[in-house]
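The values are calculated or read from the model by the stated rules, or taken from the named source; none is laboratory data. Since the structure is predicted, the reported quantities are computational estimates derived from the model, not experimental observations. All Cβ positions, even for glycine, are placed from backbone atoms using ideal geometry, and neighbour counts span all protein chains on display.
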Amino acid sequence: MGKARDAIDRMTAALISKDLKTVAECYGENAVAVTPDQGEVSGQAGIVEYFGELLSAFPDVQYDYLAKHESGNVAIDEGYFTGTNEGDLSGPGGASIPATGKQVRVRECDVVTVDDYGLIQQHRFYYDQLEFLGQLGLLPKTTPDSST
């Protein structure tokens with residue numbers, strides 16, 4: 001196992017156990033996370049804040065692995081993010097979305113790049129926001145077009 005695999009495994013385990021101190025230790029001071037929901041999150045402190053909000057919104061968060069990959073200084077995890085929305089979510093423009101109490105299971109992929117010290121410098125998250133919002137019941141209801 002290389003530095004990249006070790007870093008992403010430590011980060012995921014710390015996140016699941018709600019250990020934000022260890023999560024922080026997995027990232028470089030100037031790390032960048034690119035997320036579907038919040039765009040680019042800069043710096044170790046910003047990334048830890050992002051994860052803190054996630055844990056507040058989904059206190060029972062889990063990650064079910066489908067596959068783990070590593071090549072050089074890059075590690076990739078494919079799997080399912082699962083949890084129950086028991087806390088408010090941060091919405092666009094800082095708006096707060098009240099908890100729905102609904103469970104989600106969304107296919108997700110993480111790609112991390114580490115430096116020579118094994119610290120995550122870049123973390124890219126990929127998941128379908130429409131699927132996520134739909135499972136939370138946050139998408140508008142559609143009605144069939146009666147004019148056709």
Query raised in the report: Inside the range 110-147, can you point out the residues that are of a type in the set (S, T, N, Q) and surrounded by 15 or more Cβ atoms within 10 Å (Cβ to Cβ)?
Result: Thr113, Gln121, Gln122, Gln135
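Among residues belonging to the range 1-25 that are of a type outside the set (D, E, K, R) and within 22 Å of Ser90 (Cβ to Cβ), point out the one that is surrounded by the fewest Cβ atoms within 10 Å (Cβ to Cβ).
Among residues in the range 1-25 that are of a type outside the set (D, E, K, R) and within 22 Å of Ser90 (Cβ to Cβ), the one surrounded by the fewest Cβ atoms within 10 Å (Cβ to Cβ) is Ile16.
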Report task. Only residues that are touching a Gly at 6+ places or on another chain (Cβ under 9 Å) and within 15 Å of Ile120 (Cα to Cα): list them for the range 29-39, please. Result -> Glu29, Asn30, Ala31, Val32, Ala33
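Going residue by residue through the range 78-89, is there one that turns out to be of a type in the set (A, V, I, L, M, F, W, C) and farther than 19 Å from Asp128 by Cα? Lay out the reasoning, then the answer.
Just the residues of the range 78-89 that are of a type in the set (A, V, I, L, M, F, W, C), to begin with: 81, 89.
With farther than 19 Å from Asp128 by Cα added as a condition, the list becomes none.
Within the range 78-89, none of the residues are of a type in the set (A, V, I, L, M, F, W, C) and farther than 19 Å from Asp128 by Cα.
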**Report entry** Subset of the range 96-143 [out of contact with any strand residue (DSSP E or B) (no Cβ under 6 Å at 6 or more places or on another chain) and in a helix (DSSP H, G or I)]
**Finding:** Gln129, Leu130, Leu133, Gly134
Query raised in the report: (1) closer than 25 Å to Val32 by Cβ; (2) within 14 Å of the chain's Cα centre (by Cα); (3) part of a strand (DSSP E or B): which one isn't true of Thr82, the others all being true?
Result: (1)
Query raised in the report: Do any residues in the range 85-105 that are over 13 Å from Gln38 (Cβ atoms) and among the hydroxyl-bearing types (Ser, Thr, Tyr) have Cβ atoms under 7 Å from those of residues that are surrounded by 13 or more Cβ atoms within 10 Å (Cβ to Cβ) and at pLDDT 95 or above, where the two are at least six apart or on different chains, and which pairs are they?
Result: Ser96/Asp88; Thr100/Asn85; Thr100/Leu136
Query raised in the report: From the list Gly83, Gly87, Gly94, which one is modelled with pLDDT under 95 and under 24 Å from Leu139 (Cβ atoms)?
Result: Gly94
Report task. Sort out which residues of the range 1-60 are over 18 Å from Val114 (Cα atoms), small (Gly, Ala, Ser) and outside any helix (DSSP H, G or I), and write them in order of number. Result -> Ser17, Gly39
Query raised in the report: Does Val41 fit the bill of being surrounded by 14 or more Cβ atoms within 10 Å (Cβ to Cβ), touching a strand residue (DSSP E or B) at 6+ places or on another chain (Cβ under 7 Å) and either modelled with pLDDT of 95 or more or of a type in the set (Gly, Ala, Ser) (or both)?
Result: yes
Query - Complete set of residues in the range 69-78 that are within 16 Å of the chain's Cα centre (by Cα) and either buried (at least 18 other Cβ atoms within 10 Å of the Cβ) or not in a strand (DSSP E or B) (or both) - result: Ala75, Ile76, Asp77
